Amino acid sequence: MKGRRPTTAIEEAKACAERMGYCWCRNTDTAFPFDAFIFREMVISVVKVKKVRYAIDDKKPAEKFFPEEIEGLRNLKMPSLVMRELWVRTQDEREWRRFIILSNVVGELGFNEIEGYVNPHYDEAKWKTERNLIIYPLEVMKKWHDEKLALLESARSVPPNDNGREKGDDLGLTEKTP
């Protein structure tokens with residue numbers, strides 16, 4: 001990880017996470033490119049906190065602004081059930097913008113009613129016409145969950161192959177047989 005971690009921003013992000021009902025576990029190992037684990041019932045995420053000087057252009061994808069941070073979160077050797085989030089705050093704004101990092105897309109959270117989170121840039125009209133810019137978090141999570149469940153079910157339904165192991169062992173989805 002390059003440079004010092006943004007201590008003040010991290011403390012402010014922690015307070016925000018706790019207001020949304022998350023438990024915050026700070027990462028003290030600088031070898032890992034994230035600042036904390038956050039978790040609550042049914043959700044666990046790693047969070048990278050970023051404070052930037054200038055406003056973010058909503059017309060450009062987040063990958064253009066934060067390539068190193070996004071790549072670092074994507075490359076974490078963690079189970080796919082652990083979500084990856086980039087929390088960004090600009091110098092002029094006092095609110096956090098949350099980006100969900102998936103393997104092939106980055107989505108910005110518009111709102112989450114359960115957490116009480118509303119993106120300061122959330123625009124319902126824009127949401128309805130340009131859904132690729134702001135992703136509704138529950139849709140992403142449901143799609144992701146359904147894909148993982150289907151993969152798990154398909155791995156479990158395949159009979160053992162020639163060497164006595166079930167197909168899907170390489171995915172870590174089945175128990176190893178001696």
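Here's the yes/no breakdown for (1) of a type in the set (Val, Ile, Thr); (2) under 15 Å from Met83 (Cβ atoms); (3) assigned by TED's automatic domain parsing to the domain that holds Trp87; (4) assigned to a strand (DSSP E or B):
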{"position": "Glu11", "(1), (2), (3), (4)": "no, no, yes, no"}
{"position": "Ala15", "(1), (2), (3), (4)": "no, no, yes, no"}
{"position": "Trp24", "(1), (2), (3), (4)": "no, yes, yes, yes"}
{"position": "Thr28", "(1), (2), (3), (4)": "yes, no, yes, no"}
{"position": "Ala55", "(1), (2), (3), (4)": "no, no, yes, no"}
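Got a sec? Which of Met83, Met42 is at pLDDT below 90 and closer than 19 Å to Glu115 by Cα?
Met42
Only one residue in Glu93, Glu115 is outside any strand (DSSP E or B), within 17 Å of Cys23 (Cβ to Cβ), at pLDDT below 90 and acidic (Asp, Glu). Which one?
Just a single option satisfies the conditions, and that option is Glu115.
The values are calculated or read from the model by the stated rules, or taken from the named source; none is laboratory data. Keep in mind that this is a model prediction, so the values were computed, not measured. Please note: Cβ atoms are built from the backbone with ideal geometry, for glycine as well, and neighbour counts cover all protein chains shown.
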